[in-house]
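Reading through the structure tokens given below for one structure.
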Amino acid sequence: MPELNLPSLPATGPLLGLDPGAKSIGVAASDGLRMIATPVEIITRGKKLRPVLNRLFEIYDERACVGLVVGLPLNLDGSSGPRVQAARALVYNLLQFRDVPLAFQDERLSSAEAERVMLAADMTRARRAATIDASAAAIILQTALDRLANSVD
């Protein structure tokens with residue numbers, strides 16, 4: 001299983017979390033103290049990647065982020081499949097567009113967890129559908145933040 005590569009991220013400053021999907025990318029951000037991850041927005045993927053990358057890095061700069069945490073959609077048994085290949089291809093393009101510190105975070109079941117939280121909050125089906133990717137990105141990022149806070153370097 002790929003681990004969060006702690007040394008690749010700066011020790012302080014806000015991070016941006018991504019939940020890469022075929023049709024959209026969920027985006028979340030942490031506060032500067034890296035205590036909490038919050039859903040930000042969902043970027044719809046079109047035929048061209050450049051507008052997606054432009055918007056992603058607008059958010060990155062607006063929030064003065066210092067690194068990215070990207071969800072890696074491993075299969076439940078920990079193996080890689082086509083979705084992992086797609087996530088790695090997105091990361092390759094991200095880093096070609098702009099070289100920033102980046103780490104992967106295992107994202108198995110993050111969407112299911114986001115769905116459970118939204119059901120508990122009694123959100124309507126339409127509202128859940130509109131926000132699930134950004135909420136999953138927040139769960140991915142929060143998992144990474146918790147691991148960073150609990151790591152002993």
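Okay, here's what the table says:
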| quantity | calculated |
| --- | --- |
| Near pairs, Cβ below 7 angstrom, 6+ apart or cross-chain, from the range 14-38 (aromatic (Phe, Trp, Tyr)) to any residue that is loosely packed, with under 15 Cβ neighbours inside 10 Å | none |
| Any hit, the range 57-64, residues being on the phi > 0 side of the Ramachandran plot and at pLDDT 85 or above | yes |
| Any hit, the range 47-69, residues being of a type in the set (Ser, Thr, Tyr) and within 17 Å of ILE140 (Cβ to Cβ) | yes |
| Residue count, the range 88-103 (criterion: part of a strand (DSSP E or B) and of a type in the set (Ser, Thr, Tyr)) | 0 |
| Any hit, the range 65-74, residues being surrounded by fewer than 21 Cβ atoms within 10 Å (Cβ to Cβ), of a type in the set (A, V, I, L, M), touching a Lys or Arg at 6+ places or on another chain (Cβ under 6 Å) and at pLDDT below 95 | yes |
| Residues satisfying the stated conditions in the range 14-35, i.e. of a type in the set (Asp, Glu) and over 23 Å from GLN85 (Cβ atoms) | ASP31 |
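The values are calculated or read from the model by the stated rules, or taken from the named source; none is laboratory data. Predicted model only: the values in this text are computed from it and were never measured. Here the Cβ is made from the backbone with ideal geometry for all residues, glycine too, and neighbour counts use every protein chain on show.
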